[in-house]
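Undergrad: The structure is given below, and queries will be raised subsequently.
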Amino acid sequence: MSPVKQSEIEVFERDGVVLIRSAFDAHWLDELETAVEDVMKNPSSLSREYIQTGNGRFFTDHHMSRYNDSFRRFMLNSPASQIAAALLRSEKLNLVDEHLLVKEPGTDVPTYWHHDLPYFEVSWQDFASFWIPLDPVTRTNGAMKFAKGSHKWGRIFKPVMIGSGQDAEGAADFDGPAPDIDRDPEGYNVELFEMKRGDALFFHAATLHAAEPNKSANTRRRALSLRYGGSRATWEPREYVPSRPDTPDLKPGGSLDGPDYPVIWRA
């Protein structure tokens, strides 16, 4: 992996999302492929099946590095944290979440428009995600799309159930539902990212995004989403936090440092 370019940092800060080409070597992705099969055979208590009605399968799980050695090696030894820190201009990273997302062939539901911010107890500043696919990604098998610049709107929209698009029960209303971006993609500055194996997306937690269904006949869409808090990120308690079952021993407005959000990288 070559050093992060200044132009990539500027694109991330302007658009709230940047595509990093050839971010990860094949050996990292090969190891994660095997680990994904292990996790799907032995899911954790945080795993979910996002599709309740319709065709296909959309599987998800969280915090795999806590119990899977391959995910742990990737988190500690791959270039992911170093790249993320450079893009955030941060001297420290806290690991907020690891999220595995497997959208199988023939899955006919999209990932509905949302942003990550209201699903977590982390402040607006210095909160971002790495989205790392293990398969080539096209419009046909579930490419991600983003409303570029939406991280600068200053609004937090009510979270939805990712597999149905319905309001998340128990979540605050925030600024109401997200707008119907698909009705006017040009007006919302939408870009869809087709990706090669090894590419990755890095995006701000307030950037609105969605993904296409997997309409392919035989191409999976396996992806790892890593969520990081940078040096300026603080703990902001919220009622609806689906990926963390316990309340951390932290102070509102204070540092994330602690066992729930461990420091995974320092300059």
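Undergrad: For n ≥ 4 DSSP H runs only, could you compute -39500 (n - 2.57) per run for the chain, divide by its residues and tell me the 222 nm figure to the nearest 500?
TA: Working: 4 runs with 44 residues, N = 267.
Roughly -5000 deg cm²/dmol at 222 nm, from the helical runs in the chain.
Undergrad: Once the other residues with Cβ under 11 Å from the Cβ of Phe146 are scored (Lys, Arg +1; Asp, Glu -1), what is the net sum? Numbers along the way, then the final one.
TA: Working: positive: Lys145, Lys148; negative: Asp15, Glu191.
With Lys, Arg at +1 and Asp, Glu at -1, the neighbours total 0.
Undergrad: To continue, here is another question. Rounded to the nearest 0.05, what FRET efficiency is calculated for Asp175 and Asp108 with R0 set to 25 Å and r the Cβ-Cβ distance? Numbers along the way, then the final one.
TA: Numbers: r = 30 Å, r/R0 = 1.20.
According to the calculation, E is roughly 0.25.
Undergrad: Let me ask something else. Can you give the charge dipole size of segment 136-198 about its Cα centre, rounded to the nearest 20 debye, using +1 on the beta carbon of Lys and Arg and -1 on the beta carbon of Asp and Glu?
TA: Working: 9 positive and 10 negative charges, 84 e Å.
Using only the charged Cβ atoms, the result is roughly 400 debye.
Undergrad: Return the whole-Å distance between the Cα centroid of segment 1-29 and the Cα centroid of segment 67-121.
TA: 14
Undergrad: Only Cα pairs within less than 10 Å get springs; with that Gaussian network setup on the chain, which residue of Leu208, Leu224, Leu32 has the largest fluctuation?
TA: Comparing Leu208, Leu224, Leu32 in a Gaussian network model of the chain, the most mobile one is Leu32.
Undergrad: Taking GluC sites (Glu not before Pro) as exposed when DSSP calls them loop (any state but H, G, I, E, B) and at most 16 other Cβ atoms lie within 10 Å, what is the longest stretch of the chain free of them, the sites themselves excluded?
TA: Values: sites that count: Glu91, Glu169, Glu186, Glu194, Glu239.
With GluC sites (Glu not before Pro) excluded where exposed in loops, the chain gives 1-90 as its longest stretch.
Undergrad: Still on this model: Take every Cα pair under 8 Å in segment 127-267 that's 6+ residues apart, average their separations, divide by the length, and report that relative contact order as a whole percent.
TA: Values: 217 pairs, mean separation 55.2, N = 141.
RCO, segment 127-267: 39 percent.
Undergrad: Comparing Leu226, Leu29, Leu76, which has the greatest mean-square fluctuation in the GNM of the chain with Cα pairs linked when under 10 Å apart?
TA: Of Leu226, Leu29, Leu76, the Gaussian network model singles out Leu76 as fluctuating most.
Undergrad: Now, a different point. Let me check against my output: what whole-number percent is the relative contact order of the chain, with C-alpha pairs under 8 Å and at least 6 apart? It would help to have the intermediate numbers written out before the result.
TA: Numbers: 606 pairs, mean separation 81.7, N = 267.
That works out to 31 percent.
Undergrad: Please label the shape of the chain as rounded, prolate or oblate, based on the square roots a ≥ b ≥ c of the eigenvalues of the alpha-carbon gyration tensor (a/c under 1.5 means rounded; beyond that, a/b larger than b/c means prolate, else oblate). Don't skip to the answer; put the middle values down first.
TA: Working: a/c = 1.17, a/b = 1.06, b/c = 1.10.
Judged from the Cα gyration tensor, the chain comes out rounded (a/c under 1.5).
Undergrad: Please report the carbon-and-sulfur percent of the accessible area for the chain; probe 1.4 Å, protein heavy atoms only, DNA, RNA and ligands left out.
TA: Working: 5520 of 11860 Å².
The nonpolar share, carbon plus sulfur, comes to 47 percent.
Undergrad: In terms of Cα to Cα distance under 29 Å, which lysines are near enough to Lys5, apart from those fewer than 8 places away along the same chain?
TA: Lys92, Lys145, Lys148, Lys152, Lys196
Undergrad: How large is log10 of I(q)/I(0) for segment 44-158 at q = 0.17 Å⁻¹ when the intensity is taken from the Debye formula with one equal scatterer per alpha-carbon?
TA: -1.13
Undergrad: Report the gain in length on full extension from Trp153 to Thr140: 0.36 nm times residue separation, minus Cα-Cα distance, nm rounded to one decimal. Mind showing how you got there, number by number?
TA: Values: separation 13, 0.36 × 13 = 4.68 nm, distance 2.98 nm.
My answer for the length gained is 1.7 nm.
The values are calculated or read from the model by the stated rules, or taken from the named source; none is laboratory data. Owing to the predicted nature of the structure, the values given are computational and were not obtained by experimental measurement. Cβ atoms come from the backbone with ideal geometry, glycine included; neighbour counts cover every protein chain shown. These area figures cover heavy atoms from the full protein model, side chains too; ligands, DNA and RNA do not enter into them. Shrake-Rupley method; radii C 1.70, N 1.55, O 1.52, S 1.80 Å.
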